[in-house]
Amino acid sequence: MSRTRGATSGWCASGCLKGGPGRRASCHGAVRALSPLVPFDVCVLGLGVDGHIASLIPDADGFAAAMRGGATVLPIHAPGAAGAADRLSLTFPAIASSRLVVLLFSGAAKRAVFENALAGGGAAPIVGLLCDAKIPIWAHWCPEAKP
């Protein structure tokens, strides 16, 4: 994982986001709390129009490390993504070891991403989940998200 970030933020030695004590404690706390629970009985995920699941966002800092695993949770820095740029994500191996994945998504664009991935098209994390993971996946789609 690249640990070269700006002077006001970055990664600590254990791979968590640097920042105030609360931010580091949140990261370390998530690792301590979630690691003993793997494999999860059920992992509920959304799907992004770029094919991301959890916060496994292609081209984000930390993406490659989170796809390989080595930990249950790793930091992701995705300044172009909706929401916070700095976030924590389950790693792909943690997700793929779940006993069941429930995938929730809405809209025509996400349906097209899902169907393309189901056919093995694309390179986003959803393709790996649908084509490589050996676990049951329940996919639930609706035409439009309700506000």
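What to note about this one:
- Take the conditions (1) in contact with a His (Cβ under 7 Å, 6 or more places away or on another chain); (2) at positive phi; Ala60 misses just one of them, which is (2).
- Any hit, the range 87-94, residues being more than 16 Å from Pro39 (Cα to Cα) and touching a strand residue (DSSP E or B) at 6+ places or on another chain (Cβ under 9 Å): yes
- In the range 2-59, of all residues being of a type outside the set (A, V, I, L, M), open to solvent by less than 60 Å² (accessible area, probe 1.4 Å) and not in a loop (DSSP other than H, G, I, E, B), the one that is modelled with the lowest pLDDT corresponds to Trp11.
- Number of residues in the range 113-136 that are within 15 Å of Pro93 (Cα to Cα) and either part of a strand (DSSP E or B) or among the polar types (S, T, N, Q) (or both): the value is 0.
- Top-ranked residue of the range 104-136 - restricted to ones that are under 15 Å from the mean Cα position of the chain (by Cα) and under 21 Å from Leu34 (Cα atoms), ranked as most open to solvent (accessible area, probe 1.4 Å): Ala133
- The range 60-72 - residue that is among the aliphatic types (A, V, I, L, M) and more than 27 Å from Trp141 (Cβ to Cβ) and, of those, least open to solvent (accessible area, probe 1.4 Å): Ala65
- Scanning the range 90-103 for residues that are at pLDDT 90 or above, charged (D, E, K, R), open to solvent by 30 Å² or more (accessible area, probe 1.4 Å) and more than 24 Å from His28 (Cα to Cα) turns up at least one hit.
- Here the range 74-85 is the region considered, the condition is being over 18 Å from Ile126 (Cβ atoms) and in contact with a Gly (Cβ under 9 Å, 6 or more places away or on another chain), and the residue that is least open to solvent (accessible area, probe 1.4 Å) is Pro75.
The values are calculated or read from the model by the stated rules, or taken from the named source; none is laboratory data. A quick note: this is a predicted structure, and the numbers were derived from the prediction, not measured. Because the Cβ atoms are built from the backbone with ideal geometry, glycine has one as well, and the counts that use them run over all protein chains shown. Heavy atoms of the whole protein, side chains included, go into the accessibility calculation; ligands, DNA and RNA do not. Shrake-Rupley method; radii C 1.70, N 1.55, O 1.52, S 1.80 Å.
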